[in-house]
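The values are calculated or read from the model by the stated rules, or taken from the named source; none is laboratory data. Bear in mind the structure is a predicted one, so any value in this text is a computation, not a measurement. A quick note on method: Cβ atoms are made from the backbone with ideal geometry, for glycine too, and the neighbour counts reach across all protein chains shown. These area figures cover heavy atoms from the full protein model, side chains too; ligands, DNA and RNA do not enter into them. Shrake-Rupley method; radii C 1.70, N 1.55, O 1.52, S 1.80 Å.
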Amino acid sequence: MSHNLLTVQGISKSYRSSFQDSICVFQNLNITVNQNEIVALLGPSGCGKTTLLNMIAGFEMPDTGEIYLEKQSVTGPGTNRGVVFQTPVLFPWLTVQENIAYGLNRRHISKKNQHEAVQEYLSLVHLNGFENYYPNELSGGMQQRAALARTLILHPQLLLMDEPFSALDPVLRFQMQQLVLSIWEKLKQTIIFVTHDIEEAMILADRIYIFGKCPMGILEERKVPSFTITSPFSSSLDSPEFIRTKKEIRNILFSCS
Ligand SMILES: Nc1ncnc2c1ncn2[C@@H]1O[C@H](COP(=O)(O)OP(=O)(O)OP(=O)(O)O)[C@@H](O)[C@H]1O
Ligand SMILES: [Mg+2]
């Protein structure tokens with residue numbers, strides 16, 4: 001039985017804006033994530049998904065409440081969390097292998113060990129042969145795979161992914177989802193995956209937190225059956241259980257919009 005890795009306990013967050021006195025994003029929000037789980041945060045634009053992810057990453061602090069990772073209070077960014085953003089964040093002046101090795105270099109890992117690790121993670125994200133390319137010579141999907149390798153190579157306890165595939169075409173997006181699942185099979189990496197796509201959440205996640213419009217917070221938490229979808233033509237996508245679950249989640253999202 002996997003143990004609790006992350007606890008978000010009773011957090012509230014408001015922003016001051018130039019137009020209104022303040023915008024309340026959450027009030028008393030709670031989530032938990034177990035080790036080795038893939039948890040999706042699903043909700044409409046503006047419901048606070050990125051705000052929550054940023055607080056878990058330690059980029060922002062909640063106004064009240066606490067976030068614990070392995071029972072340690074999160075007070076800022078740390079190497080135990082890795083973030084993959086919607087737009088791949090790569091240094092344009094570094095090659096793919098230099099980008100992937102960047103964090104190892106900062107940790108003063110020997111060149112030989114860096115090289116071995118980079119080869120392993122290049123292969124994990126299917127980028128062998130592209131190690132000497134610069135980011136602007138790669139497609140969006142390849143850039144996102146390089147960004148994923150650069151994060152995974154540092155072995156974060158918790159991987160935070162903020163709508164990483166939303167800019168990709170449907171075929172590539174499906175391939176990237178399969179890549180995430182295959183990486184999970186190998187590394188059993190704990191992941192929080194932000195998306196506004198119901199199918200994406202259902203294909204990837206063990207559990208989904210469904211958010212309503214800001215400041216409603218979490219409307220429902222759902223365990224998702226494991227749908228084995230290995231091709232876009234998979235019959236599981238047409239299975240009564242998949243269609244029913246998707247419809248139920250849709251109804252929850254629409255009931256509050
Ligand atoms: N730095 C900020 N200053 C003021 N308001 C902010 C700030 N960041 C976010 N907000 C507000 O907080 C709310 C939640 O924003 P957030 O970016 O977390 O939403 P989201 O669910 O990630 O949306 P999307 O799916 O479009 O990325 C929005 O109303 C937004 O205007
Ligand atoms: Mg966002």
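Share of carbon and sulfur in the accessible area of the chain stands at 52%, probe radius 1.4 Å. Protein heavy-atom accessible surface, 1.4 Å probe, per residue over the range 69-213: 46 Å². Over all other residues within a Cβ to Cβ distance under 15 Å of Ser236, the charged ones net out to -2, with Lys and Arg as +1 and Asp and Glu as -1. Between Gln157 and Ser22, residue separation times 0.36 nm minus the direct Cα-Cα distance comes to 45.2 nm. Remark: the Cα gyration tensor places the range 154-212 in the oblate category, a/c being 1.5 or greater and a/b not exceeding b/c.
By the helix-only formula, in which each DSSP H run with n ≥ 4 contributes -39500 (n - 2.57) and the sum is divided by residues, the chain has a 222 nm mean residue ellipticity of -11000 deg cm²/dmol. Of the beta bridges in the chain, as assigned by DSSP with both residues counted there, near 55 percent are antiparallel. Among Phe130, Phe85, Phe233, the largest mean-square fluctuation in a Gaussian network model of the chain (Cα springs under 10 Å) belongs to Phe233. Summing Cβ point charges (Lys, Arg +1; Asp, Glu -1) relative to the Cα centre of the chain gives a dipole of roughly 280 debye. The mean accessible area for residues of the range 1-50, using a 1.4 Å probe and ignoring ligands and nucleic acids, is 51 Å² per residue. Principal axis extents of the Cα atoms in the chain, from largest to smallest and rounded to whole angstrom, are 52, 45, 43.
Using the Kirkwood radius over C-alpha pairs as Rh, can you work out the diffusion coefficient of the range 88-155 via Stokes-Einstein at 25 °C, viscosity 0.890 mPa s, in µm² per second? For these conditions, the coefficient is 214 µm²/s.
Stretched out straight at 0.36 nm per residue, the stretch from Glu116 to Asp197 would grow longer than its current Cα-Cα span by 25.5 nm.
Would you mind classifying the range 1-153 by shape? Square roots of the alpha carbon gyration tensor eigenvalues, ordered a ≥ b ≥ c; an a/c under 1.5 is rounded, otherwise it is prolate if a/b is larger than b/c and oblate if not. Since a/c reaches 1.5 and a/b is larger than b/c, the shape of the range 1-153 is classed as prolate.
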